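Novice: Have a look at this one before I ask anything.
The values are calculated or read from the model by the stated rules, or taken from the named source; none is laboratory data. Predicted model, so just to flag it, every value in this text is computed and none were measured. Cβ placement follows ideal geometry from the backbone for every residue including glycine, while neighbour counts extend to all protein chains displayed.
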Amino acid sequence: MTSADASVFETTRPASADYLIRFAASDAGRDYKGRMLDALELRAGLAVLDAGCGPGADLPALAEAVAPGGTVIGVDRDQEMLDAAAARTAAHPGVELRRGDVHTLPLDDAAVDRACTDRVLQHVDDPARALAEFHRVLRPGGRLVMGEPDWDTLAVDHPHPALSRAYTRHITEQVIRNAAIGRQLARLATDAGFRVPEVIPVTQVFRDVRAADRVFGFERTTRRAVEAGYLSEYQAGVWLHHLAHRPFFASATLYVVVAEA
């Protein structure tokens, strides 16, 4: 399958670190990340965990919010991500980086006042176990803020709605491990011993196909949908041609969930 318009769709997958930094700088990324930062209620002197910190896109803002005297601990299982985070936070002495997994966090019990995780639990093997770890490392009264999408809410306008539904179904069934995690977080956090005082829905609307493609990778994902049997070659061509050449609209909802230990 070839792209309907190579000038519109990215045909090669960007490096993971580049994608995360790029998304953090996008309008959609800045919107919900700002809400997450507000929900953390940070102040000087606090210790904060960023679990699954990736290349450190959020670490400088966290460090500035707890200065002076605060500590930010970034944890990621990928050493290349940690290396990128180290370069990004070189001017922030209050940042510590540790290699580890959210299922077994490299922190002592009751080690931090705040914790956050951003679009990480959708990919992990066991979200419930990860939430139990967050509860373990937070001090009593500590706060966890999570941001996760619900991929069933992805809606892309198309004159043939069945193609949009097939595309979304492929993502929820084949691409994202925990595709409905956004709607599940409040329940899972409660089961892990948290109190959940607030759930903030953030619906992201895309009117520019190029901006949306930098998030969703339409051509690459459509190619996988064809290979998996969700779309035929002909349907994929019809789907992509419309996205590339007609007025574009897509939306998806991410949930910011606040949990207190």
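Novice: Report, by residue number, each residue of the range 45-73 that is in contact with a helix residue (DSSP H, G or I) (Cβ under 9 Å, 6 or more places away or on another chain), outside any strand (DSSP E or B) and charged (D, E, K, R).
Specialist: Across the range 45-73, the qualifying residue is only 58.
Novice: Could I ask something else about it? Which one of these is under 21 Å from the mean Cα position of the chain (by Cα) and over 21 Å from residue 129 (Cα atoms): 198, 227, 233?
Specialist: Checking each option against the conditions leaves just 198.
Each row is one residue, and each column tells you yes or no for (1) at negative phi; (2) at pLDDT 95 or above.
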{"residue": "10", "(1), (2)": "yes, no"}
{"residue": "25", "(1), (2)": "yes, no"}
{"residue": "29", "(1), (2)": "yes, no"}
{"residue": "48", "(1), (2)": "yes, yes"}
{"residue": "54", "(1), (2)": "no, yes"}
{"residue": "71", "(1), (2)": "yes, yes"}
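Novice: Further question: For the range 227-250, give me each residue that is closer than 18 Å to residue 175 by Cβ and either surrounded by fewer than 18 Cβ atoms within 10 Å (Cβ to Cβ) or without any contact (Cβ under 8 Å) to a residue 12 or more places away in the chain (or both).
Specialist: If the condition is that a residue be closer than 18 Å to residue 175 by Cβ and either surrounded by fewer than 18 Cβ atoms within 10 Å (Cβ to Cβ) or without any contact (Cβ under 8 Å) to a residue 12 or more places away in the chain (or both), then 227, 228, 229 are the ones that fit.
Novice: Look through 106, 93 and report the one residue that is farther than 17 Å from residue 184 by Cβ, part of a loop (DSSP other than H, G, I, E, B), in contact with a Gly (Cβ under 8 Å, 6 or more places away or on another chain) and of a type outside the set (D, E, K, R).
Specialist: 106
Novice: Looking only at the range 109-130, filter to residues that are not in a loop (DSSP other than H, G, I, E, B) and not aliphatic (A, V, I, L, M); which one of those is nearest to the chain's Cα centre (by Cα)?
Specialist: Within the range 109-130, the match that is nearest to the chain's Cα centre (by Cα) is 118.
Novice: With the requirement that a residue be within 11 Å of residue 116 (Cα to Cα) and within 13 Å of the chain's Cα centre (by Cα), what does the range 18-68 give you?
Specialist: Selection gives 33, 36, 50, 51, 52, 53, 58.
Novice: Test residue 230 against the stated conditions and say whether it is among the aromatic types (Phe, Trp, Tyr) and either under 30 Å from residue 137 (Cα atoms) or assigned to a helix (DSSP H, G or I) (or both).
Specialist: Taking the combined requirement at face value, the residue does not satisfy it.
Novice: Residue 198 fails exactly one of the following numbered conditions: (1) out of contact with any helix residue (DSSP H, G or I) (no Cβ under 6 Å at 6 or more places or on another chain); (2) in a helix (DSSP H, G or I). What is the number of that condition?
Specialist: All conditions are met except number (2).
Novice: Sticking with this one: Within the range 74-85, work out how many residues are of a type in the set (Asp, Glu) and assigned to a helix (DSSP H, G or I).
Specialist: 2
Novice: Test residue 219 against the criterion of being over 30 Å from residue 140 (Cβ atoms), surrounded by fewer than 16 Cβ atoms within 10 Å (Cβ to Cβ) and acidic (Asp, Glu), and give yes or no.
Specialist: For residue 219, the condition - over 30 Å from residue 140 (Cβ atoms), surrounded by fewer than 16 Cβ atoms within 10 Å (Cβ to Cβ) and acidic (Asp, Glu) - is not met.
Novice: Further question: Examine the range 25-39 for a residue that is free of Cβ contacts under 8 Å to residues at least 60 places away in the same chain, part of a loop (DSSP other than H, G, I, E, B) and either within 18 Å of residue 142 (Cβ to Cβ) or hydrophobic (A, V, I, L, M, F, W, C) (or both), and state whether such a residue exists.
Specialist: No, because not a single residue in the range 25-39 is free of Cβ contacts under 8 Å to residues at least 60 places away in the same chain, part of a loop (DSSP other than H, G, I, E, B) and either within 18 Å of residue 142 (Cβ to Cβ) or hydrophobic (A, V, I, L, M, F, W, C) (or both).
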